[in-house]
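Structure first, then comments.
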Amino acid sequence: MTHDFEERYDIKLAASWILAHEKNLPKKSPDDCTEEELLKIFCKGKEAGLKLYPFKKDIQPLARIQRVLGFLRSISFDTILDVGSGRGVFLIPFMKEFPNVKVTSIDILEKRVEFLNELSDAAFPNMRAEKKDICGQPFRDNTFDVVTMLEVLEHIPEVERAVKAAVKIARKYVVVTVPSKPDNNPEHIHLFTKDKLTNMFQSAGCEKLHFDGVEGHIFMVAVI
(Lines give C-alpha, C1' and ligand atoms only; values in the text may rest on other atoms or scores of the structure.)
Protein backbone atom coordinates (compact mmCIF):
# COMPACT_ATOMS: atom_id res chain seq x y z
CA MET A 1 0.00 0.00 0.00
CA THR A 2 2.86 2.33 0.81
CA HIS A 3 4.36 1.73 -2.62
CA ASP A 4 0.92 2.28 -4.15
CA PHE A 5 0.61 5.70 -2.50
CA GLU A 6 4.07 6.70 -3.65
CA GLU A 7 3.25 5.65 -7.20
CA ARG A 8 -0.12 7.44 -7.29
CA TYR A 9 0.48 10.68 -5.38
CA ASP A 10 2.95 13.52 -5.19
CA ILE A 11 3.71 12.68 -1.57
CA LYS A 12 5.86 15.71 -0.81
CA LEU A 13 3.37 18.21 -2.23
CA ALA A 14 0.44 16.53 -0.48
CA ALA A 15 2.31 16.31 2.83
CA SER A 16 3.34 19.96 2.50
CA TRP A 17 -0.30 20.98 2.17
CA ILE A 18 -1.37 18.71 5.05
CA LEU A 19 1.24 20.35 7.32
CA ALA A 20 -0.15 23.78 6.39
CA HIS A 21 -3.79 22.69 6.72
CA GLU A 22 -3.79 20.59 9.88
CA LYS A 23 -3.28 22.83 12.90
CA ASN A 24 -2.49 19.94 15.27
CA LEU A 25 0.58 18.81 13.34
CA PRO A 26 4.03 20.16 14.19
CA LYS A 27 5.01 23.13 12.05
CA LYS A 28 7.94 21.56 10.27
CA SER A 29 9.28 22.42 6.85
CA PRO A 30 8.72 19.62 4.32
CA ASP A 31 12.32 20.14 3.22
CA ASP A 32 13.44 19.08 6.70
CA CYS A 33 11.38 15.87 6.61
CA THR A 34 12.65 12.50 5.51
CA GLU A 35 10.75 10.55 2.86
CA GLU A 36 9.43 8.31 5.63
CA GLU A 37 8.18 11.31 7.62
CA LEU A 38 6.47 12.77 4.55
CA LEU A 39 4.73 9.47 3.90
CA LYS A 40 3.54 9.30 7.51
CA ILE A 41 2.12 12.83 7.22
CA PHE A 42 0.40 11.84 3.98
CA CYS A 43 -1.12 8.76 5.63
CA LYS A 44 -2.39 10.89 8.53
CA GLY A 45 -4.13 13.11 6.01
CA LYS A 46 -5.67 10.08 4.36
CA GLU A 47 -6.87 8.76 7.72
CA ALA A 48 -8.36 12.16 8.56
CA GLY A 49 -10.44 11.99 5.38
CA LEU A 50 -8.75 14.92 3.65
CA LYS A 51 -9.41 15.20 -0.06
CA LEU A 52 -6.02 14.54 -1.62
CA TYR A 53 -6.99 13.96 -5.26
CA PRO A 54 -5.48 17.32 -6.37
CA PHE A 55 -2.12 15.70 -5.60
CA LYS A 56 -2.56 12.58 -7.73
CA LYS A 57 0.23 12.20 -10.24
CA ASP A 58 -1.22 9.30 -12.21
CA ILE A 59 -3.80 11.64 -13.74
CA GLN A 60 -2.52 13.64 -16.69
CA PRO A 61 -3.71 17.26 -16.95
CA LEU A 62 -6.91 17.54 -18.95
CA ALA A 63 -6.49 18.19 -22.66
CA ARG A 64 -7.75 21.76 -22.28
CA ILE A 65 -5.22 22.39 -19.49
CA GLN A 66 -2.44 20.96 -21.62
CA ARG A 67 -3.48 23.28 -24.44
CA VAL A 68 -3.30 26.30 -22.12
CA LEU A 69 0.09 25.25 -20.76
CA GLY A 70 1.32 24.76 -24.31
CA PHE A 71 0.33 28.30 -25.21
CA LEU A 72 1.95 29.73 -22.08
CA ARG A 73 5.22 27.98 -22.95
CA SER A 74 5.24 29.90 -26.22
CA ILE A 75 5.08 33.40 -24.74
CA SER A 76 7.06 35.59 -22.36
CA PHE A 77 5.29 36.64 -19.15
CA ASP A 78 6.09 37.33 -15.50
CA THR A 79 2.68 37.73 -13.87
CA ILE A 80 -0.66 35.98 -14.21
CA LEU A 81 -4.14 36.37 -12.76
CA ASP A 82 -6.18 33.17 -12.65
CA VAL A 83 -9.91 33.82 -12.30
CA GLY A 84 -12.08 31.25 -10.54
CA SER A 85 -9.22 28.90 -9.65
CA GLY A 86 -11.41 26.42 -7.79
CA ARG A 87 -9.50 23.35 -6.56
CA GLY A 88 -6.38 24.23 -8.51
CA VAL A 89 -6.94 21.92 -11.49
CA PHE A 90 -4.97 24.38 -13.61
CA LEU A 91 -2.84 26.13 -11.00
CA ILE A 92 -1.18 23.05 -9.51
CA PRO A 93 0.35 21.84 -12.81
CA PHE A 94 1.00 25.46 -13.77
CA MET A 95 2.98 26.23 -10.61
CA LYS A 96 4.99 23.05 -10.98
CA GLU A 97 6.04 24.13 -14.46
CA PHE A 98 6.30 27.89 -13.90
CA PRO A 99 7.44 28.25 -10.27
CA ASN A 100 8.98 31.69 -10.80
CA VAL A 101 5.90 33.38 -12.25
CA LYS A 102 4.05 35.67 -9.84
CA VAL A 103 0.51 34.28 -9.60
CA THR A 104 -2.60 35.88 -8.19
CA SER A 105 -5.68 33.68 -7.90
CA ILE A 106 -9.19 34.94 -7.26
CA ASP A 107 -12.29 32.99 -6.38
CA ILE A 108 -15.64 33.93 -4.85
CA LEU A 109 -15.62 30.90 -2.51
CA GLU A 110 -13.70 31.31 0.74
CA LYS A 111 -12.90 27.59 1.02
CA ARG A 112 -11.15 27.63 -2.36
CA VAL A 113 -9.11 30.68 -1.37
CA GLU A 114 -8.11 29.04 1.92
CA PHE A 115 -7.01 25.85 0.15
CA LEU A 116 -4.87 27.71 -2.39
CA ASN A 117 -3.24 29.90 0.25
CA GLU A 118 -2.40 26.83 2.32
CA LEU A 119 -0.88 25.34 -0.81
CA SER A 120 1.02 28.55 -1.37
CA ASP A 121 2.37 28.53 2.17
CA ALA A 122 3.35 24.89 1.76
CA ALA A 123 4.95 24.76 -1.66
CA PHE A 124 4.27 27.67 -4.02
CA PRO A 125 5.42 30.96 -2.45
CA ASN A 126 4.89 32.94 -5.66
CA MET A 127 1.14 32.25 -5.59
CA ARG A 128 -1.43 34.09 -3.50
CA ALA A 129 -5.20 33.73 -3.54
CA GLU A 130 -7.80 36.37 -2.76
CA LYS A 131 -11.57 36.28 -2.35
CA LYS A 132 -12.63 38.64 -5.12
CA ASP A 133 -15.13 38.88 -7.96
CA ILE A 134 -13.77 39.67 -11.43
CA CYS A 135 -16.97 41.56 -12.26
CA GLY A 136 -15.94 44.28 -9.83
CA GLN A 137 -12.63 44.77 -11.67
CA PRO A 138 -10.66 44.23 -8.45
CA PHE A 139 -7.31 45.31 -9.94
CA ARG A 140 -6.04 48.31 -11.85
CA ASP A 141 -5.80 48.37 -15.64
CA ASN A 142 -2.81 46.51 -17.11
CA THR A 143 -1.86 44.85 -13.83
CA PHE A 144 -1.07 41.32 -15.10
CA ASP A 145 0.68 40.08 -18.22
CA VAL A 146 -1.85 37.26 -18.60
CA VAL A 147 -5.38 36.71 -17.30
CA THR A 148 -6.70 33.14 -17.45
CA MET A 149 -10.43 32.41 -17.30
CA LEU A 150 -10.68 28.64 -17.56
CA GLU A 151 -14.11 27.02 -17.29
CA VAL A 152 -15.34 30.21 -15.63
CA LEU A 153 -17.36 32.35 -18.04
CA GLU A 154 -20.21 29.84 -18.26
CA HIS A 155 -20.83 30.35 -14.51
CA ILE A 156 -20.98 34.16 -14.42
CA PRO A 157 -24.36 35.93 -14.70
CA GLU A 158 -22.81 39.28 -15.71
CA VAL A 159 -20.46 37.68 -18.19
CA GLU A 160 -19.97 40.74 -20.40
CA ARG A 161 -18.89 42.71 -17.36
CA ALA A 162 -16.41 39.98 -16.43
CA VAL A 163 -14.91 39.98 -19.92
CA LYS A 164 -14.49 43.76 -19.97
CA ALA A 165 -12.79 43.67 -16.56
CA ALA A 166 -10.39 40.92 -17.64
CA VAL A 167 -9.45 42.79 -20.82
CA LYS A 168 -8.70 45.94 -18.84
CA ILE A 169 -6.65 44.12 -16.20
CA ALA A 170 -4.53 42.18 -18.73
CA ARG A 171 -1.40 43.67 -20.32
CA LYS A 172 -0.80 41.04 -23.02
CA TYR A 173 -3.33 38.20 -23.20
CA VAL A 174 -6.61 36.85 -21.87
CA VAL A 175 -6.82 33.06 -22.14
CA VAL A 176 -10.25 31.39 -22.05
CA THR A 177 -11.66 27.88 -22.12
CA VAL A 178 -15.39 27.13 -22.09
CA PRO A 179 -17.54 24.07 -22.84
CA SER A 180 -18.63 23.91 -26.46
CA LYS A 181 -21.48 21.46 -25.91
CA PRO A 182 -24.52 21.38 -23.60
CA ASP A 183 -24.05 19.41 -20.38
CA ASN A 184 -25.95 18.56 -17.20
CA ASN A 185 -24.15 20.96 -14.88
CA PRO A 186 -26.85 23.22 -13.37
CA GLU A 187 -24.21 25.85 -12.57
CA HIS A 188 -23.52 26.37 -16.29
CA ILE A 189 -25.82 29.23 -17.24
CA HIS A 190 -24.26 30.08 -20.62
CA LEU A 191 -23.25 28.05 -23.66
CA PHE A 192 -20.75 29.85 -25.86
CA THR A 193 -19.91 29.62 -29.52
CA LYS A 194 -16.97 31.14 -31.33
CA ASP A 195 -19.26 33.92 -32.57
CA LYS A 196 -20.57 34.74 -29.10
CA LEU A 197 -17.09 34.92 -27.65
CA THR A 198 -15.94 37.03 -30.58
CA ASN A 199 -18.77 39.51 -30.08
CA MET A 200 -18.09 39.82 -26.34
CA PHE A 201 -14.36 40.33 -26.66
CA GLN A 202 -14.66 42.70 -29.60
CA SER A 203 -17.13 44.76 -27.57
CA ALA A 204 -14.52 44.83 -24.81
CA GLY A 205 -11.92 46.18 -27.25
CA CYS A 206 -10.13 43.02 -28.45
CA GLU A 207 -9.96 42.53 -32.20
CA LYS A 208 -7.21 39.90 -32.37
CA LEU A 209 -8.59 36.54 -31.25
CA HIS A 210 -7.25 33.02 -31.78
CA PHE A 211 -9.48 29.94 -31.43
CA ASP A 212 -8.98 26.20 -31.16
CA GLY A 213 -11.19 23.26 -30.23
CA VAL A 214 -10.12 20.82 -27.51
CA GLU A 215 -12.30 17.77 -26.69
CA GLY A 216 -15.67 19.43 -26.22
CA HIS A 217 -14.24 22.82 -25.26
CA ILE A 218 -13.33 26.07 -26.97
CA PHE A 219 -9.84 27.43 -26.34
CA MET A 220 -9.40 31.11 -27.08
CA VAL A 221 -6.62 33.68 -26.72
CA ALA A 222 -7.41 37.38 -26.84
CA VAL A 223 -4.40 39.54 -27.68
CA ILE A 224 -4.53 42.87 -25.85
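Within segment 187-217, can you find the residues that are among the β-branched types (Val, Ile, Thr), surrounded by 16 or more Cβ atoms within 10 Å (Cβ to Cβ) and either closer than 13 Å to residue 164 by Cβ or under 22 Å from the mean Cα position of the chain (by Cα) (or both)?
214
Residues that are over 22 Å from residue 107 (Cβ atoms) and surrounded by fewer than 21 Cβ atoms within 10 Å (Cβ to Cβ): does segment 146-156 have at least one?
Among the residues of segment 146-156, not one is over 22 Å from residue 107 (Cβ atoms) and surrounded by fewer than 21 Cβ atoms within 10 Å (Cβ to Cβ), which makes the answer no.
Within segment 157-186, take every residue that is out of contact with any helix residue (DSSP H, G or I) (no Cβ under 9 Å at 6 or more places or on another chain) and touching a residue at least 40 places away in the same chain (Cβ under 8 Å) and give me the one that is surrounded by the fewest Cβ atoms within 10 Å (Cβ to Cβ).
It comes out as 171.
Working only within segment 39-79, note down all residues that are small (Gly, Ala, Ser) and open to solvent by 80 Å² or more (accessible area, probe 1.4 Å).
Across segment 39-79, the qualifying residues are 74, 76.
Here's a check for you: in segment 19-33, which residue that is open to solvent by 80 Å² or more (accessible area, probe 1.4 Å) and under 26 Å from the mean Cα position of the chain (by Cα) is nearest to residue 115 (Cα to Cα)?
The qualifying residue nearest to residue 115 (Cα to Cα) is 23.
Considering only segment 170-188, state which residues are small (Gly, Ala, Ser) and assigned to a strand (DSSP E or B).
Applying the first criterion (small (Gly, Ala, Ser)) to segment 170-188 yields 170, 180.
Residue satisfying the conditions is 170 alone.
Can you pull out every residue in segment 100-145 that is open to solvent by less than 30 Å² (accessible area, probe 1.4 Å), among the aliphatic types (A, V, I, L, M) and touching a residue at least 60 places away in the same chain (Cβ under 8 Å)?
Matches in segment 100-145: 119, 122.
Filter segment 214-224 down to the residues that are within 26 Å of residue 103 (Cα to Cα) and either assigned to a loop (DSSP other than H, G, I, E, B) or not β-branched (Val, Ile, Thr) (or both) and list them by number.
The answer is 214, 217, 219, 220, 222, 224.
In segment 60-67, is there at least one residue being of a type outside the set (Ser, Thr, Tyr), at pLDDT below 95, in contact with a helix residue (DSSP H, G or I) (Cβ under 8 Å, 6 or more places away or on another chain) and closer than 18 Å to residue 15 by Cβ?
Within segment 60-67, none of the residues are of a type outside the set (Ser, Thr, Tyr), at pLDDT below 95, in contact with a helix residue (DSSP H, G or I) (Cβ under 8 Å, 6 or more places away or on another chain) and closer than 18 Å to residue 15 by Cβ.
With respect to residue 36, is the statement that it is surrounded by fewer than 12 Cβ atoms within 10 Å (Cβ to Cβ) and outside any loop (DSSP other than H, G, I, E, B) true?
In short, yes.
Is there a residue in segment 189-198 that is assigned to a loop (DSSP other than H, G, I, E, B) and within 27 Å of residue 78 (Cα to Cα)?
Checking segment 189-198: not a single residue is assigned to a loop (DSSP other than H, G, I, E, B) and within 27 Å of residue 78 (Cα to Cα).
Give the residues of segment 76-118 that are over 16 Å from residue 133 (Cβ atoms), touching a Lys or Arg at 6+ places or on another chain (Cβ under 7 Å) and among the β-branched types (Val, Ile, Thr), sorted by residue number.
Matches in segment 76-118: 79 only.
The values are calculated or read from the model by the stated rules, or taken from the named source; none is laboratory data. Predicted, not measured: the structure shown is a model, and the values here were computed from it. Don't worry about glycine lacking a Cβ; one is built from the backbone with ideal geometry, like all the others, and counts go over all protein chains shown. SASA here: full protein model, heavy atoms, side chains in, ligands and nucleic acids out. Shrake-Rupley method; radii C 1.70, N 1.55, O 1.52, S 1.80 Å.
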